[in-house]
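A.B. asks: I am attaching a structure below and will ask some questions about it afterwards.
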Amino acid sequence: MNDITSAELKERQANGSAPIIIDVRETWENEESRIDGSRNIPLGELPGKLDELEDLKHQEVVVHCKGGGRSASAKAFLTQHGFDHVRNLIGGMQGYQQA
């Protein structure tokens, strides 16, 4: 599935059609800044949380980190485990804050 821009995500949040958002940054990063409605699951903890995320396998999920690297890994990991609508937030939190 194609990745998502900050502008598209903000527009969808504004009109009430936001996807599920997972922040794969470390907890301390999430405490400094976060996207409203996002769920924080650090990348290193993602494998242990797969059972909790099972209901999201066929829903649109946006993953994000600071700049896009960790979330690209998260997208690949989730896709390999049967998640079929995962999108990476282009530019990560940095891009989102600037949009």
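The values are calculated or read from the model by the stated rules, or taken from the named source; none is laboratory data. Note that this is a predicted model, so its numbers are computed, not measured. Note that we place each Cβ from the backbone using ideal geometry, even for glycine, and neighbour counts take in every protein chain shown. Heads up: the accessible areas ignore ligands, DNA and RNA and are worked out on the full protein's heavy atoms, side chains in. Shrake-Rupley method; radii C 1.70, N 1.55, O 1.52, S 1.80 Å.
A.B. asks: Within the range 38-65, how many residues are under 21 Å from Ser6 (Cβ atoms) and over 11 Å from the mean Cα position of the chain (by Cα)?
C.D. replies: Residues that pass the stated criteria total 1.
A.B. asks: Moving on. What are the pairs, 6+ residues apart or on separate chains, where a residue within the range 17-40 that is more than 17 Å from Lys57 (Cα to Cα) has its Cβ under 7 Å from a residue that is aromatic (Phe, Trp, Tyr)?
C.D. replies: Going by the 7 Å Cβ cut-off, the qualifying pairs are Ile35/Tyr96.
A.B. asks: Cβ-Cβ distance below 8 Å, separation of 6 or more or different chains: which pairs start in the range 70-99 with a residue that is farther than 14 Å from Asn2 by Cα and at pLDDT below 95 and end on one that is open to solvent by 20 Å² or more (accessible area, probe 1.4 Å) and in a helix (DSSP H, G or I)?
C.D. replies: Between residues of the range 70-99 that are farther than 14 Å from Asn2 by Cα and at pLDDT below 95 and residues that are open to solvent by 20 Å² or more (accessible area, probe 1.4 Å) and in a helix (DSSP H, G or I), the close pairs are Ala99/Ala7; Ala99/Lys10.
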